[in-house]
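One structure below.
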Amino acid sequence: MMLFLKGMGSAYRGEWKPDTNKPNDVILRGTPNSIARYWIPTRKDGYFVVVKYDTRGYGIQVRHYTDHGRPDKHTNPHGHFYQYENSTHASELIKPHTNYFGGIPKIKSFYGGKKMFQYHEDALRFKTLDEFKQSVKNGGELSFEWDGIDYGIFFCENSYVLCLLQPYGNEEWKYETVEALLNHSFGGVILHDIVKEIKVIDRIV
């Protein structure tokens, strides 16, 4: 089990607040002791998530109803778990994600109707190299388009895996560190130099 601080929202008077333009931030705050369903928009489509909230209204379990274009890396659905033990109560993502190859554990029915969000391309776009590094290190489950091809970066088997997404193929490259990942070459350009230019399809951090 590995813990990573999400911390990509903002702190106000010491308390972490979600970025209202990032649905995967917003869903981590909800009604205490409830379960809710949301539609997460991406650049190309979207997917449903079901979120379980604790007594404080903090999202402690988020179930993604998608395989993110790589069914060998993610079951549909798969789970993410969070804790909030730091001073600002920013979410700490427990890595890696949980696949349900042997069956899907039951989760209570969600209360109320689903909430729909809007996709905000600029909010998900990386403005700095450091923002990219923190997102990937903190388990951002990044999918993006570069030069007309869709890629994913996932944390699997203690490695940062860069891979083609369906229907573009199954090729993948594994790196032990984000720094090594940043040296990956895309036909003459390296990832380090294009992080602010890639078209982000989705990321959870």
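The values are calculated or read from the model by the stated rules, or taken from the named source; none is laboratory data. Given the structure is predicted, the values throughout are model-derived calculations rather than measurements. When we count neighbours, we look across all protein chains shown, and the Cβ atoms used for this are built from the backbone with ideal geometry, even at glycine.
From the residues in the range 152-205 that are hydroxyl-bearing (Ser, Thr, Tyr) and out of contact with any Leu (no Cβ under 6 Å at 6 or more places or on another chain), which one is surrounded by the most Cβ atoms within 10 Å (Cβ to Cβ)?
Step one: of the range 152-205, the residues hydroxyl-bearing (Ser, Thr, Tyr) are 159-160, 168, 175, 177, 185.
Among the residues that remain, those that are also out of contact with any Leu (no Cβ under 6 Å at 6 or more places or on another chain) are: 159, 168, 177, 185.
Numbers: Ser159: 17, Tyr168: 13, Thr177: 11, Ser185: 10.
My answer is Ser159.
With the condition kept exactly as written, say whether any residue in the range 48-66 is of a type outside the set (Ser, Thr, Tyr), at pLDDT below 90 and in a loop (DSSP other than H, G, I, E, B).
no
Scan the range 177-204 for residues that are more than 14 Å from Arg125 (Cβ to Cβ), in a loop (DSSP other than H, G, I, E, B) and within 19 Å of the chain's Cα centre (by Cα) and jot them down.
Thr177, Leu182, Ile204
Given the options Phe101, Phe117, Phe110, name the one that is modelled with pLDDT under 90, out of contact with any strand residue (DSSP E or B) (no Cβ under 8 Å at 6 or more places or on another chain) and not aliphatic (A, V, I, L, M).
On inspection, the qualifying residue turns out to be Phe101.
Exactly one of (1) out of contact with any Leu (no Cβ under 6 Å at 6 or more places or on another chain); (2) among the small types (Gly, Ala, Ser); (3) in a loop (DSSP other than H, G, I, E, B) is unmet by Gly79. Its number?
Here Gly79 meets the rest and fails (3).
Out of everything in the range 6-26 that is over 12 Å from the mean Cα position of the chain (by Cα) and surrounded by 18 or more Cβ atoms within 10 Å (Cβ to Cβ), what residue ends up being modelled with the highest pLDDT?
Residue satisfying both the conditions and the ranking: Val26.
Do you know which residues across the range 141-151 are in contact with a helix residue (DSSP H, G or I) (Cβ under 8 Å, 6 or more places away or on another chain) and either among the charged types (D, E, K, R) or surrounded by fewer than 18 Cβ atoms within 10 Å (Cβ to Cβ) (or both)? Can you show your working first?
Here is the first cut: in the range 141-151, the residues in contact with a helix residue (DSSP H, G or I) (Cβ under 8 Å, 6 or more places away or on another chain) are 142, 146.
Listed by number, the list holds a single entry, Trp146.
Looking at the range 112-143, which of its residues are assigned to a helix (DSSP H, G or I) and either at positive phi or of a type in the set (Phe, Trp, Tyr) (or both)? Reasoning before the result, please.
Pass one, the range 112-143, residues assigned to a helix (DSSP H, G or I): 121-124, 129-137.
Residue satisfying the conditions is Phe132 alone.
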